[in-house]
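Colleague: Input: one structure, supplied below.
The values are calculated or read from the model by the stated rules, or taken from the named source; none is laboratory data. Here the structure is a predicted model, which is why all the values come from computation and not from measurement. Quick reminder, even Gly has a Cβ in these numbers, built from the backbone with ideal geometry, and neighbours come from all protein chains shown. Keep in mind that these areas ignore ligands, DNA and RNA; they rest on the heavy atoms of the full protein, side chains included. Shrake-Rupley method; radii C 1.70, N 1.55, O 1.52, S 1.80 Å.
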Amino acid sequence: MKTKENNNSIYIPKQPKTIKRIAAWIVDFIIVIVLATGFAFLTSLIYHYDDYYNTYIEKQIQYELYVEAEEGTLTFQGKNYVLYSSLDGHNEELLKEREMACGNDEEFKFANHKVLMGQIIIPITGAFASLLVCEFILPLCFKHGRTIGLFFFGIGYVTEEDIDVKIKNVFIRFLFGKFIVDVFIPFTGILLVIMNTGYGIIGLVCLLGIPIANIVLLLSSKDKRGIHDFIARMKPCDNTCQIYIKTTEELAKCKAEEDLITKPGTKY
């Protein structure tokens, strides 16, 4: 007959202190941002973003959508330029003719497309590569799902069954939790807002909803978990006193042996 679980068991994960979790998050956030910036820079070089951007600007200057000025809002190849449309008394009909001519230029259209795609591909690639390193590769090296921040502040992860996390848990947390939920959805929200697509409300929900939901879950959930933790079926624990066990069968056996010592006469 199974008895009531011993809540004082050494095998039950202990919650890490909130201040440690905040400190670990700050460290990880800084590292992710630095790496993401580096990976984004490398991606822009491989993508040849600067070449496409220069062509994009050169064509607008060629068709006089940008005109030279002493104090311009744009500096290109050592000269200052302002938008023709921003000049007082500009000719609307002439502006439309220039915009049409520029828009029909095949080289401009190709460069414009590449610039727009690059503004999406480059930051997303940078974020993905950074999270791949910080939230998947390093946690496998440090074991127990620990990032650099978690490692230094003595925090680990176990599954919802209180056993050591597996590769699939860490991978799901990285890909679906951290990348898709915490980065890709809010980034999509930013695009919907700034690109004036008509879906601004949805964009704001995507942008603000995820952080708010994470804060609510961290404050209200029993194990103080975020969305990414629930998706991966993982929960944080105090690594300094956690005994990591590989399987549920082994955990049940260890708890049974513990109860035999602490509660003589217990039957299973």
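Colleague: Expected output is a single nm value to one decimal: the length gained when fully extending between Ser220 and Met100, i.e. 0.36 nm times separation in residues minus the C-alpha distance. What is it?
Modeller: Net length gain for the segment: 37.6 nm.
Colleague: Once you place label points 7 Å from the Cα toward the Cβ at Phe176 and Leu87, how far apart are they in nm?
Modeller: 5.7 nm
Colleague: Right, next: Can you tell me the accessible area per residue over the chain, all protein chains present, probe 1.4 angstrom, in square angstrom?
Modeller: Per-residue value: 60 Å².
Colleague: For a bin width of 10 Å, list the pair-distance distribution of segment 156-202 built from all Cα-Cα distances, rounded to whole %.
Modeller: Binned Cα distances yield the sequence 25, 32, 21, 16, 6.
Colleague: Additional query: Compute the convex hull volume of the Cα atoms of segment 149-243, divide it by the residue count, and report the result per residue in Å³ as a whole number.
Modeller: 99 Å³
Colleague: Here is a follow-up. How large is the Kirkwood hydrodynamic radius of segment 1-88, in angstrom, based on all distinct alpha carbon pairs?
Modeller: Every distinct Cα pair counted, the radius reaches 18.8 Å.
Colleague: Alpha carbons only, please: Rg and Dmax for segment 1-149, in angstrom.
Modeller: Using the Cα atoms of segment 1-149, the pair Rg, Dmax is 26.3, 90 Å.
Colleague: A further question follows. What is the angle, in °, between the Cα long axis of helix 49-62 and the longest principal axis of the Cα atoms in the chain? Nearest 10 is fine, range 0 to 90.
Modeller: 30 degrees
Colleague: Do any of Lys14/Lys168; Lys20/Lys255; Lys14/Lys143 go past 26 Å between their Cα atoms, and which?
Modeller: Lys20/Lys255
Colleague: Here's something else I'd like to know. Can you give the accessible area of Met195 in Å² (nearest 10), computed on protein heavy atoms with a 1.4 Å probe?
Modeller: About 90 Å², ignoring ligands and nucleic acids.
Colleague: I'd like the distance separating the alpha-carbon centroids of segment 164-197 and segment 81-106, in whole Å.
Modeller: Their Cα centres are 40 Å away from one another.
Colleague: Also, quick follow-up: For the chain, what is the relative contact order in percent, using Cα pairs closer than 8 Å and at least 6 residues apart in sequence?
Modeller: For the chain, the relative contact order is 25 percent.
Colleague: Okay, moving on. Between Val158 and residues 5 or more places away or on another chain, which pairs have amide H atoms under 5 Å apart, with H built 1.01 Å from N, and which residues are they?
Modeller: Residues meeting the amide H criterion: Lys235, Cys237.
Colleague: If Asp259, Asp51 are ordered by their accessible area, calculated over protein heavy atoms with a 1.4 Å probe, which sequence runs from highest to lowest?
Modeller: I get Asp51, Asp259, largest accessible area first.
Colleague: Right, another one. If you take Rg and Dmax of the Cα atoms in Å from the coordinates, which of (i) 27.0, 96; (ii) 19.5, 63; (iii) 16.8, 49 do you get?
Modeller: The listed entry that was calculated here is (i).
Colleague: Another question, if that's okay. Quick check on packing: order 118-130, 153-165, 239-251 by the mean number of other C-beta atoms within 10 Å, highest mean leading.
Modeller: 153-165, 118-130, 239-251
Colleague: Relative contact order, percent, of segment 1-135 when contacts are C-alpha pairs under 8 Å separated by at least 6 residues?
Modeller: RCO, segment 1-135: 36 percent.
Colleague: May I pose another question? Only helical DSSP H runs with n ≥ 4 go in: add -39500 (n - 2.57) per run for the chain, normalise by residue count and round the 222 nm mean residue ellipticity to 500 deg cm²/dmol.
Modeller: -18000 deg cm²/dmol
Colleague: Separate question: Using only the Cα atoms of segment 125-205, build the gyration tensor, take square roots of its eigenvalues as a ≥ b ≥ c, and label the shape rounded, prolate or oblate: rounded if a/c is under 1.5, else prolate if a/b is larger than b/c, else oblate.
Modeller: Since a/c reaches 1.5 and a/b is larger than b/c, the shape of segment 125-205 is classed as prolate.
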